Amino acid sequence: MESCRVRDEIRIAARTGGQMDDLWRLLHGLAAMTASSSGEMLRRDPDLAVREAIDTTTALAKAGIAPGWPSGILRAAPAGQPLLLADEYGSRYALLAPFAWGEGDPHWYCWDIDRCTGDRVVHAAVFASPEDALAEWRAAVGTHAAPASTQPAPCDQATARDLLDPLCRSDLLGALLLGNESQQLIAEHFRLRQRARALCESFTAAPEPKPQQDLNPIIDDFAAWLSDRDDHTPEREDIATFADTWSDLSGPGYFACSPHRIEHTVSLVADGYIKKYAEAVLDLLPQWVEWCIERTGLTGEPAERARQAAAINRWDGSDSMDLRRTE
């Protein structure tokens, strides 16, 4: 880990009379931007940088070196209520929160969270103001999924906790990278988790356990809706497969039907089932999207984009997609 290399460089500099101040600032920076942990991260424990800083201070003191730098680890703390802005589909969010170093002026941290593919942070960074953060988020989202509101709204603790929950877990899987992240997101990998945990730990309301979603009412509702519009009644198993696949992609906003979510759902079904079964499941896609449009009240151009995505991605019975059952 980087902190181990910095620690070694500091100790070498101490023995050779080299410059240690810049190295020490780097080690403190690594410690300040990593999240506290109870140790579940095993060998990639994010507390390692903190321990390295403390151990290095102790080692230098034993060697008779009294550094002129502080030995404590200072982390930015939440400094106010978070704000939230969502796109028109309700599946991509900008979650912003103010943080401050001690009594200094606050800065803003922004998590860009895409729930179309499963609660993924696709960007995160520090900003001088919420206006700067939202300007960058709007540019990243683009005109194809414009914000549902012009201004962010105060974000309640339950919603913020739900959006940041994957970042607050200390399991090994939660820290793994997929391989397609931008360099900037990789650079923020530890800080975005530390800031998320710091924010959630500042909340006064205790988290409520999440009930497991019951898809049966959703399956029944869609089947009844479909029977009123189509003489063909699909197999309940096909509807259940589609409902379950759609459920895996997002927490709140089950009926959100962005083109991105539609495309990803098609990929999951196509990659997960043999051709005959995938064809039956994906044949429901246009009706499913229309049903979601009605449930969300989506209108205008966003609704048309969703319909077009469903029409383009609908299974056409060809062999152009490599369909296989994933065991």
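The values are calculated or read from the model by the stated rules, or taken from the named source; none is laboratory data. Values in this document were obtained by computation on a predicted structure and should not be read as measured data. Neighbour counts run over all protein chains shown; Cβ positions are idealised from the backbone, glycine included. These accessible areas exclude ligands, DNA and RNA; they are computed on the full protein's heavy atoms, side chains included. Shrake-Rupley method; radii C 1.70, N 1.55, O 1.52, S 1.80 Å.
Please give the peptides 216-228, 273-285, 82-94, 195-207 ranked by average Cβ packing (other Cβ atoms within 10 Å per residue), highest first, as a rough proxy for protection. List each step's numbers first, then the result.
Working: 216-228: 13.8, 273-285: 18.6, 82-94: 23.3, 195-207: 15.9.
Descending mean neighbour count gives 82-94, 273-285, 195-207, 216-228.
Let me check I've understood the local charge: for residue 298, count other residues with C-beta under 12 angstrom from its C-beta, Lys and Arg +1, Asp and Glu -1. What total comes out? Please report the intermediate quantities before stating the final value.
Values: positive: 295, 305, 307; negative: 87, 88, 290, 294, 301, 304.
It works out to a net charge of -3.
So, for region 197-264, what is the accessible surface per residue at a probe of 1.4 Å, expressed in square angstrom?
Details: 3870 Å² over 68 residues.
With all protein chains present, region 197-264 gives 57 Å² per residue.
Lys and Arg at +1, Asp and Glu at -1: add these up for the other residues within a Cβ distance under 10 Å of residue 207 and post the number.
-1
Express in nm, to one decimal, how much length is gained between residue 159 and residue 301 on full extension, taking 0.36 nm for each residue of separation and deducting their alpha carbon distance. Before the final figure, lay out the partial values.
Values: separation 142, 0.36 × 142 = 51.12 nm, distance 2.76 nm.
Between residue 159 and residue 301, full extension yields 48.4 nm more.
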